[in-house]
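The values are calculated or read from the model by the stated rules, or taken from the named source; none is laboratory data. Just so it is clear, the model here is predicted, and its values are computed rather than measured. Note: ideal-geometry Cβ built from the backbone for every residue, glycine included; neighbour counts use all protein chains shown. Calculation scope for accessible area: heavy atoms of the full protein, side chains included, ligands and nucleic acids excluded. Shrake-Rupley method; radii C 1.70, N 1.55, O 1.52, S 1.80 Å.
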Amino acid sequence: MILPGPPVTGPIQGKFGDGLIFTNVDLVLNWARKSSLWPMTFGLACCAIEMMAAGGTRFDWDRFGMIPRGTPRQSDLMIVAGTVTLKMATRLKRLYEQMAEPKYVLSMGSCANNGGPYWRHGYHVLKGVDEVVPVDVYVPGCPPRPEALLYGVMKLQEMIMEDRVLRRRQPSLGSLAGAQMAPEAVK
Amino acid sequence: MTPQEIHDALKARFGEAILSFDEKALDPWALVKPEAIAEVAAFVKAEPALGFDNLMCLSAVDWPKETPPRLDVVYHLYSYKHDHTFVLKVQVPRDNPRVPTVEGTWGVANWHEREAFDLYGVVFDGHSDLRRILLPDDWQGHPLRKDWEDPELYNGMRVKPTPQMAERYAAGEKIGVGPFDFTPPNLPLEQS
């Protein structure tokens, strides 16, 4: 395994065998996290079609180590792809809370970003999924093309690489900070 | 059978319960007294010459500005055997919309009537399980009525456009799609 990082020099250089490497914890953990993002399959509307296309052979997000996972317990990334109704928002919040940390949220498309075409007359639509869960990356479009989704995933990978695992100066990526929905709404 | 013949058969059987008939409409329709709709439904399905074995659609229409204000319930019928269609309508007062169920005639009416109840508040007397089908069980009101006003909050979630949307709009984000572009809530909608 060869990782980018500062070269190891000094007295210990060359003292150990080939089986030992030196690096820092942040780099290894962040590298491992960003390279196996397992998205929870959360297709809610037409954006899900583009999300499926991104997972298919033509765009193939398996290149990023992404495997769609049908359970929140074993997924790292929630791709909210589509219109979040108020009825679904309570379920979405519960599924998000079932995910193990670290967990990330990618809001895909206009509806999940800010309500989209339902911003005024949608009596049933949540005006942005960031009303109920903290969002790390917003992907604009109606719906976004698979390239845009993959670009959003790459942006998330960049953010993960900047995360400080042991010395957090501010709320980490994927924490519960920012969620606003009243607790009694989740029954 | 032509629509006129269907109407004549209904008129001969039910007489005064068939209030009017519009043959010129795209889908010719007959207006039925609300109390009689269940018997009319059973008749048009059982009568061999009519044979309406399929309820294609059951929908409701809100007319708040009519005098008196009313709700229509519309039944689109189709016969696979004879390949003809017909439409039945009933009109009920808006403040007390009660219609007998046709669930006993067409089983599909169960879900259709639940939808009309959910979104328009039409009460179907005799329905076996009249509760909401699309909206959450704790939802208040019937949002496809034309005097519907969005509540501020539903279970702690904002239903109207959020204050943050105005800030995000000012920051350059494009909100809405095509003809539904965002107008900041502090501006009257007519000015935009």
>> Any residue that is of a type in the set (Ser, Thr, Tyr) and over 18 Å from the mean Cα position of the chain (by Cα) - is there at least one of those in region B:50-69?
In response: yes
> Could you give every pair whose Cβ atoms fall below 6 Å, whose first residue belongs to region A:107-130 and is more than 7 Å from chain B (Cβ to nearest Cβ) and farther than 9 Å from B:Ile175 by Cα, and whose second residue is of a type in the set (Gly, Ala, Ser) and in a helix (DSSP H, G or I), counting only separations of at least 6 or pairs across chains?
Replying inline: A:Val129/A:Ala112
> With region A:52-163 as the region, which helices (runs of 4 or more DSSP H) entirely inside it contain at least 1 residues that are farther than 22 Å from A:Ser35 by Cβ and open to solvent by less than 30 Å² (accessible area, probe 1.4 Å)?
Replying inline: A:86-98, A:109-114
> If the Cβ limit is 6 Å and pairs must be 6+ apart or interchain, which residue in region B:56-81 that is among the polar types (S, T, N, Q) pairs with which residue that is open to solvent by 50 Å² or more (accessible area, probe 1.4 Å) and part of a strand (DSSP E or B)?
Replying inline: none
>> Looking at region B:150-160 only, could you name the residues that are acidic (Asp, Glu) and either in contact with a Cys (Cβ under 6 Å, 6 or more places away or on another chain) or within 9 Å of another protein chain (Cβ to nearest Cβ) (or both)?
In response: B:Asp150
